[in-house]
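The values are calculated or read from the model by the stated rules, or taken from the named source; none is laboratory data. These figures come from a predicted structure and were not determined experimentally. Positions of Cβ are backbone-derived with ideal geometry, glycine not excepted, and every protein chain shown enters the neighbour counts.
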Amino acid sequence: MKVPAGATSGPVQVTTPQGEGTSSASFVVDNSAPAIAITSPAADAEVSSLSNISGTVADEAAGATGGSGLRQVYVRIRRTSDNTWYTTTGWSATGDSSSVFQATVNSAQGTWSTNVSSAALPAGTYLIYAYAADQAGNTGFVTRRVFIPEADTRAPSISISSPANNSNVSSLATITGTAGDEAGGSGLRRVYLRIRRLSDFSWYTPGGWSSTMTTATSLAATYNRSTGEWVCNSGPSSLAAGDYLVYAYGVDMVGNTSFVRHRVNVSAAGSPVAGTSSSTSSVKLSSATLQGDAVQLKFTGALEAASATDAATYQVLVNGEQVKLEDVRYEANSRVVTLSIPGGVLNSGAQVVVSWTDLRDAQGRSLNGNTASLSVR
């Protein structure tokens, strides 16, 4: 069959073993590939999976007409670390048909979409290839690079700049500090604060004091990403004499949370509050033992319940890595603090170091010693 160059309709010369003839059937000469683009994910984006890949497609370039019609859109994923192609059963070096994922096309809107993998993939760099083929066999494609970051399991850093720990204050209307996520982390999402009154262990809310923690006890802070500084202007401007705990929390994009605590004192007419003292306590650690997935600290005297049961008081390192405590309990009768650690962390041979800051006795005096070292047998 021969078609005159540039023609789109008219006679067609047909040659067969029986002879030659002509036909006036309509035909289309299509030598141009379809136009295809990827709109999501964005170029060089950090993604958690390769689901919801989408874009636009047209049989001909913008403004052109007379194409043969779109036949299919499909997607392939290549991992740059070893140049293998993703398949439903793993990774293929050859990129055979199992690495081809058909897309759903909305012809009326000129869009396409597909879900290659909603499962989490290993961290690394990936190339998305999107192909469009027309009825004449012309194929166009586009590629886009994306990154799957390392899993973020580390909590952000946070500190309180003002008020200073163990300082005397007259107000907590403004509290400031710094915060930030680690390099390569998911990024800091928010900073918030809580304020606790130790005279009755109640929590501050803008409407008063609450015996339990609620959403109202979380005071939002304004975070400046360029400087790493935060400020909270919603604390109480008027406080009764006594001791208070100020907690600042930092939360990253995947929910990892860290917090810091400062203790402050509000004096009456410039005089120390009764029952508080800056002197050092005579209470000491008498023993430190491991009980299953917990560290038990036994002391020679009674402790202040507020600091003894506060997770911010303690830091636990297992083989040099800080672990997050699941629970803290204090038994006043036995003078034992139990620090619960996530299961599976205390493996045989592990080295455990426990330290504490601003742990106080029942009279409000700070304990002198602050470290215990243990080995898992």
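Mind listing just one residue for me: the one in segment 349-360 that is β-branched (Val, Ile, Thr) and either modelled with pLDDT of 90 or more or within 11 Å of THR280 (Cα to Cα) (or both) and, of those, surrounded by the fewest Cβ atoms within 10 Å (Cβ to Cβ)?
Selected residue: VAL353.
Scanning segment 161-191 for residues that are buried (at least 20 other Cβ atoms within 10 Å of the Cβ) and either more than 28 Å from the chain's Cα centre (by Cα) or more than 13 Å from ASN256 (Cβ to Cβ) (or both) turns up PRO163, LEU172, ILE175, GLY177, VAL191. For segment 133-192, what are the residues that are aliphatic (A, V, I, L, M) and more than 30 Å from VAL100 (Cβ to Cβ)? Correct list: ALA155, ILE158, ILE160, ALA164, VAL169, LEU172, ALA173, ILE175, ALA179, ALA183, LEU188, VAL191. Restricting segment 196-251 to residues that are more than 31 Å from the chain's Cα centre (by Cα) and among the acidic types (Asp, Glu), the residue that is surrounded by the most Cβ atoms within 10 Å (Cβ to Cβ) is ASP243.
The set of residues from segment 175-201 being in a strand (DSSP E or B) and of a type in the set (A, V, I, L, M) comprises ILE175, ALA179, LEU188, VAL191, LEU193, ILE195. Does SER271 qualify as being surrounded by 14 or more Cβ atoms within 10 Å (Cβ to Cβ), modelled with pLDDT under 90 and polar (S, T, N, Q)? No; evaluated as a whole, the condition is false for this residue. Here the condition is being touching a residue at least 24 places away in the same chain (Cβ under 8 Å) and surrounded by 16 or more Cβ atoms within 10 Å (Cβ to Cβ); of LEU325, LEU339, it holds for LEU339 alone. Looking only at segment 366-375, residues that are touching a strand residue (DSSP E or B) at 6+ places or on another chain (Cβ under 6 Å) and outside any strand (DSSP E or B) come to 3 in all.
Just checking, does segment 340-347 include any residue being under 28 Å from the mean Cα position of the chain (by Cα), β-branched (Val, Ile, Thr) and assigned by TED's automatic domain parsing to the domain that holds LEU290? Full working, then the answer.
Looking only at segment 340-347, we keep the residues that are under 28 Å from the mean Cα position of the chain (by Cα), and these are 340-347.
If we keep only those that are β-branched (Val, Ile, Thr) as well, we get 341, 345.
In the following step, the residues that additionally are assigned by TED's automatic domain parsing to the domain that holds LEU290 were identified as 341, 345.
Taking every residue of segment 340-347 in turn, at least one turns out to be under 28 Å from the mean Cα position of the chain (by Cα), β-branched (Val, Ile, Thr) and assigned by TED's automatic domain parsing to the domain that holds LEU290.
Those strands (runs of 3 or more DSSP E) of segment 202-260 in which at least 2 residues are under 20 Å from THR178 (Cα atoms), of a type in the set (A, V, I, L, M, F, W, C) and touching a Pro at 6+ places or on another chain (Cβ under 9 Å), considering only elements entirely within it, cover 242-252. Among the hydroxyl-bearing types (Ser, Thr, Tyr), loosely packed, with under 12 Cβ neighbours inside 10 Å and not assigned by TED's automatic domain parsing to the domain that holds ILE195 - does that describe any residue in segment 361-369? The answer is no, given that none of the residues of segment 361-369 is among the hydroxyl-bearing types (Ser, Thr, Tyr), loosely packed, with under 12 Cβ neighbours inside 10 Å and not assigned by TED's automatic domain parsing to the domain that holds ILE195. Evaluate segment 141-158: report whether one residue or more is surrounded by 14 or more Cβ atoms within 10 Å (Cβ to Cβ), under 24 Å from MET253 (Cα atoms) and out of contact with any Asp or Glu (no Cβ under 8 Å at 6 or more places or on another chain). Yes, some residue in segment 141-158 is surrounded by 14 or more Cβ atoms within 10 Å (Cβ to Cβ), under 24 Å from MET253 (Cα atoms) and out of contact with any Asp or Glu (no Cβ under 8 Å at 6 or more places or on another chain).
Among all residues of segment 39-47, there is at least one that is in a strand (DSSP E or B) and either acidic (Asp, Glu) or touching a Cys at 6+ places or on another chain (Cβ under 6 Å) (or both). In the condition set (1) farther than 25 Å from SER161 by Cα; (2) touching a residue at least 12 places away in the same chain (Cβ under 8 Å), ARG360 is compliant with all but (1).
Counting just the residues of segment 320-345 that are among the basic types (Lys, Arg) and not in a strand (DSSP E or B), which one comes out nearest to ARG377 (Cα to Cα)? Checked segment 320-345; the qualifying residue nearest to ARG377 (Cα to Cα) is LYS324. Only a single item in (1) outside any strand (DSSP E or B); (2) modelled with pLDDT of 95 or more; (3) assigned by TED's automatic domain parsing to the domain that holds THR104 is not met by ALA136, and it is number (2).
Looking across TYR86, TYR129, one residue alone is over 21 Å from ALA151 (Cβ atoms), crowded, with 17+ Cβ neighbours inside 10 Å and either of a type in the set (Phe, Trp, Tyr) or more than 27 Å from the chain's Cα centre (by Cα) (or both). It is TYR129.
Looking only at residues in segment 309-322 that are under 19 Å from LEU374 (Cβ atoms) and of a type in the set (Gly, Ala, Ser), the one that is surrounded by the fewest Cβ atoms within 10 Å (Cβ to Cβ) is GLY320.
Checking LEU121, LEU172 one by one, the residue that is more than 25 Å from ALA312 (Cα to Cα) and outside any strand (DSSP E or B) is LEU121 and no other. Evaluate segment 12-23: report whether one residue or more is over 21 Å from ASN115 (Cα atoms), part of a loop (DSSP other than H, G, I, E, B) and either outside the structural domain of ASN106 (by TED's automatic domain parsing) or modelled with pLDDT under 85 (or both). Scanning segment 12-23 turns up at least one residue that is over 21 Å from ASN115 (Cα atoms), part of a loop (DSSP other than H, G, I, E, B) and either outside the structural domain of ASN106 (by TED's automatic domain parsing) or modelled with pLDDT under 85 (or both). For beta carbons closer than 6 Å, sequence separation of 6+ or different chains, a first residue in segment 85-103 that is of a type in the set (Phe, Trp, Tyr) and a second that is surrounded by fewer than 16 Cβ atoms within 10 Å (Cβ to Cβ), the qualifying pairs are TRP85/SER92.
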